[in-house]
Amino acid sequence: MLIHILGSGAGGGFPQWNCNCTNCLGLRTGAGNATPRTQSSITLSANGDDWVLFNASPDIRQQLASFPVLQPGRRIRDTAIRAIVLVDAQIDHTTGLLMLREHTEPWDVYCTRAVHDDLTSGFPVFNILSHFRGVNWHEIGTDQACFTIPGIEGVAFSAVPLKSEAPPYSPHRHNTVPGDNIGLRMENLASGKNLFYAPGLGELEPHVIPFMEDADCLLVDGTLWTDNEMITAGISNKHGKEMGHLDQSGEGGIIEILSGLPKPRKILIHINNTNPILLEDSPERLALDRAGIEVSYDGMEIEL
Ligand code: MLT
Ligand code: MN
Ligand code: ZN
């Protein structure tokens with residue numbers, strides 16, 4: 001089972017088009033030792049030919065160009081993407097669906113009922129796509145049951161409801177429901193190895209812990225180093241917690257959680273452009289190195 005990171009950045013990407021924070025400016029001017037990142041998406045295959053796309057980012061065109069295996073060119077219009085799984089209904093994870101409207105058949109899209117509700121109301125992407133080839137919606141339950149995806153044989157998936165935030169345009173924005181955000185366990189049935197993917201982890205609830213403990217590889221929320229990072233940078237008045245992202249450095253934060261897990265390889269994803277770990281020689285990045293935590297980058301591959 002091969003996992004290819006298409007986009008390791010959070011919403012806005014890195015650098016963000018209108019941002020002059022230390023990181024974005026440093027990347028643009030060359031003063032900072034950092035690499036650009038597109039917005040949050042990964043893809044997985046068990047046979048190298050058929051792929052599942054996890055989240056459809058606004059940068060999907062650039063991401064497809066960066067990974068030609070997704071466009072094999074077997075017929076006049078073609079794609080190797082067999083299905084799309086969405087972990088939430090946020091703009092950085094769903095806008096790419098609009099860019100994929102030229103697909104020659106309905107897209108098989110897997111998401112929870114809560115995400116489906118948002119994508120047919122506050123941000124009606126599914127309704128819009130119904131005027132093209134449409135969407136075959138496959139409901140992902142929030143009961144942690146296993147599911148399979150036709151075409152992606154040999155991989156078992158299960159979804160774990162996570163406490164995070166519904167998007168600003170969601171009818172249940174301030175009244176989150178199970179399924180607004182999920183983590184995904186993906187097991188290669190041949191090797192017995194599994195990945196746990198959770199780009200939006202707002203709180204570590206007890207039911208999530210066994211999934212993290214049992215993972216061979218974790219690909220988890222790397223949005224913010226400190227909870228008030230965006231406030232300090234003068235960018236926003238929002239704390240990470242309000243946005244459904246647990247910071248890395250605080251008490252009970254991601255580093256502390258990961259440090260208690262002996263088994264998995266630990267990798268951060270969905271990294272916001274304000275996060276000092278993006279500067280490869282920053283003290284914060286060094287602290288991650290010491291803790292045995294990796295920072296994902298566009299093009300990174302994980303084999304399990
Ligand atoms: C999030 O992860 O909190 C959202 O994607 C933020 C955004 O893109 O507006
Ligand atoms: Mn996001
Ligand atoms: Zn920035």
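Things to note:
- Subset of segment 225-270 that is in contact (Cβ under 8 Å) with a residue 40 or more places away in the chain, of a type in the set (A, V, I, L, M) and more than 14 Å from residue 198 (Cα to Cα) - its residue that is farthest from ligand 2 (Cβ to nearest atom): 261
- Qualifying residue in segment 22-35 (condition: more than 16 Å from ligand 3 (Cβ to nearest atom) and farther than 22 Å from residue 146 by Cα): no
- Restricting the search to helices (runs of 4 or more DSSP H) fully inside segment 1-117 and requiring at least 1 residues that are within 16 Å of ligand 2 (Cβ to nearest atom) and of a type in the set (Gly, Ala, Ser) gives 96-99.
- Selected residue [modelled with pLDDT of 95 or more, within 16 Å of ligand 1 (Cβ to nearest atom) and surrounded by fewer than 15 Cβ atoms within 10 Å (Cβ to Cβ)] from 86, 98: 98
- Residue in segment 135-157 that is without any contact (Cβ under 8 Å) to a residue 12 or more places away in the chain and either touching a Lys or Arg at 6+ places or on another chain (Cβ under 8 Å) or more than 16 Å from ligand 1 (Cβ to nearest atom) (or both) present: yes
Rundown of residues vs (1) surrounded by 18 or more Cβ atoms within 10 Å (Cβ to Cβ); (2) more than 23 Å from residue 22 (Cα to Cα), yes/no style:
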| residue | (1), (2) |
| --- | --- |
| 238 | no, no |
| 247 | yes, no |
| 256 | no, yes |
| 260 | no, yes |
| 266 | yes, yes |
| 269 | yes, no |
| 273 | yes, no |
| 278 | yes, no |
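- Odd one out for residue 190, checked against (1) in contact with a His (Cβ under 9 Å, 6 or more places away or on another chain); (2) among the small types (Gly, Ala, Ser); (3) under 19 Å from residue 302 (Cβ atoms): (1)
The values are calculated or read from the model by the stated rules, or taken from the named source; none is laboratory data. All figures in this text were calculated on a predicted structure; none of them were measured in a lab. Neighbour counts run over all protein chains shown; Cβ positions are idealised from the backbone, glycine included.
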